[in-house]
1. Show me the ranking of peptides 47-54, 117-124 by mean Cβ neighbours inside 10 Å, starting with the highest.
2. Between Gly60, Gly85, Gly22, which gets the highest mean-square fluctuation from a Gaussian network model of the chain, Cα cutoff 10 Å?
3. Under a crude label model (7 Å from the Cα following the beta-carbon direction), how far is Thr100 from Leu130 in nanometres?
4. From the phi of every residue in the range 39-48, what ³J(HN,Hα) in whole Hz does the Karplus formula 6.51 cos²θ - 1.76 cosθ + 1.60 yield, where θ is phi - 60° and glycine or proline is x?
5. Pull up all non-local amide H partners of Val55: gap of 5 or more, or a different chain, and H-to-H distance under 5 Å with H placed in the peptide plane.
6. How much length is gained if the chain between Lys23 and Leu3 is pulled fully straight, taking 0.36 nm per residue apart and subtracting their Cα-Cα distance, in nm to one decimal?
7. Check which residues have an amide H placed less than 5 Å from Arg25's amide H, if you skip close sequence neighbours.
8. Can you figure out the FRET efficiency of Val110 with Ile50, using R₀ = 35 Å and their beta-carbon distance, to the nearest 0.05?
Amino acid sequence: MTLTREGEYAVRCMLELAKNYGKERLSTKAVAAKQEIPPVFLTKILKILIKGGLVVSQRGPSGGIMLAKPPSEITLREVVEIVEGPFALNICLSEAGQCTRKPHCKVHQVWYKAQDAMLKELDVPLDKLL
């Protein structure tokens, strides 16, 4: 899996919101400027993050965006998977994938261990990345 630009921008947006957690809402314009994300692209990403329950937004003069829950309760993996979909190193390890060669495949266990290690690294809460 290669992290797309959309995934990278989502992570940067979430880290910016995590830095500001517990303070006032941020404008999308401010987040876009601080993280050098094209505003139109950020709006698209925010729709996904809001739908995924990670961000809340409020319109109006005192509106803006903020995390829906504390940064300690949101993992990097959660952000990536909401934007990119479930992580799978290959089709055999995907949720829908059925490895027909598993009983005699010599590399299945290697793929599994590699994916497991990656997922453990991604399970870091956002507050640990600040």
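All of the numbers you see were taken from the coordinates with simple rules; none came from a lab. Only a predicted model underlies this, so the values are computations on that prediction, with no experimental measurement involved. Cβ: placed from backbone, ideal geometry, glycine included. Neighbour counts: every protein chain shown.
1. The peptides rank, most packed first, as 47-54, 117-124.
2. Answer for the Gaussian network model of the chain: Gly60.
3. Here the modelled spin labels are 5.0 nm apart.
4. Those phi angles translate into x, 5, 5, 4, 4, 4, 5, 4, 4, 5 Hz.
5. For Val55, whose amide H was placed from the backbone, the distant partners under 5 Å are Ile50, Ala68.
6. Computed gain between Lys23 and Leu3 is 4.2 nm.
7. Distant-sequence amide H within range of Arg25: zero hits.
8. Calculated value: 0.40.
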